[in-house]
Amino acid sequence: MNEYLESIIKRDPAAKSKLSVILTYPGVKAVFFHSVANFFSIAKFDLIARMISQLSRFLTGIEIHPKAKIGKNLFIDHGMGVVIGETSEIGDNVTIYHMVTLGGISPSVNSDDQRNIKRHPTLMDNVVVGSGAQILGPVVVGKNSKIGANAVVTKDVQENSVMVGIPAKNVGESSPDDEAFKPYGITSDSDKN
């Protein structure tokens, strides 16, 4: 828990203390509720798991399916409107801003054919997803990549990419050697301007 809270404080200049993060950050509450719902989901108590996830959605404005796989130190900043689908997989130290969707494609078409198959995105370690971005389908977003605000990603993203636009295009490289947390979809050339 201490490592998780420290990781948030490192990524958010508004975070003043661990106590304030615990008490006032909806993303922290949503991740906690997800861990409980995921436990019940793994134990095959699907209805209880879904009820817990819906309670979390009501309280936080963040919807995480109980079966989604989440690594350590997920930071959902602001959080309102975030949707993380059933077969989503999220690596370690990922940051997601508000109104982001990790969704499937054509979820209402041939629903029976889509059960028990991978239909949602995979975010590898250290990915940052800007507010309003939509990552759709069973795509993989490579390590250290940044997805700019309101980008729409429907294809795999290579490691260390900076993706912006609709449809999202790679506009630069995110250096894995840069220790500083850079939350937005900008290239290193943009930093110099």
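Laboratory data are not the source of any read-out in this text; all were calculated from the coordinates shown. What you see is a predicted model, and the numbers here were worked out from it, not measured in a lab. Cβ: placed from backbone, ideal geometry, glycine included. Neighbour counts: every protein chain shown.
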Among the listed pairs 29/67; 10/143; 67/143; 18/44; 72/146; 18/118, those beyond 26 Å (Cα-Cα): 18/44; 18/118
Residues with amide H under 5 Å from that of residue 72, placed H, sequence gap 5 or more: 92, 93
Hull volume in cubic angstrom per residue (convex hull over the Cα atoms of the stretch 94-172): 81 Å³
Cα-centred dipole magnitude for the chain, charges only on beta-carbon of K, R (+1) and D, E (-1), debye, nearest 20: 500 debye
Relative contact order (%) - criterion: Cα under 8 Å, at least six apart; region: the chain: 12 percent
For peptides 93-100, 113-120, 163-170, sequence by mean Cβ density within 10 Å, most packed first: 93-100, 163-170, 113-120
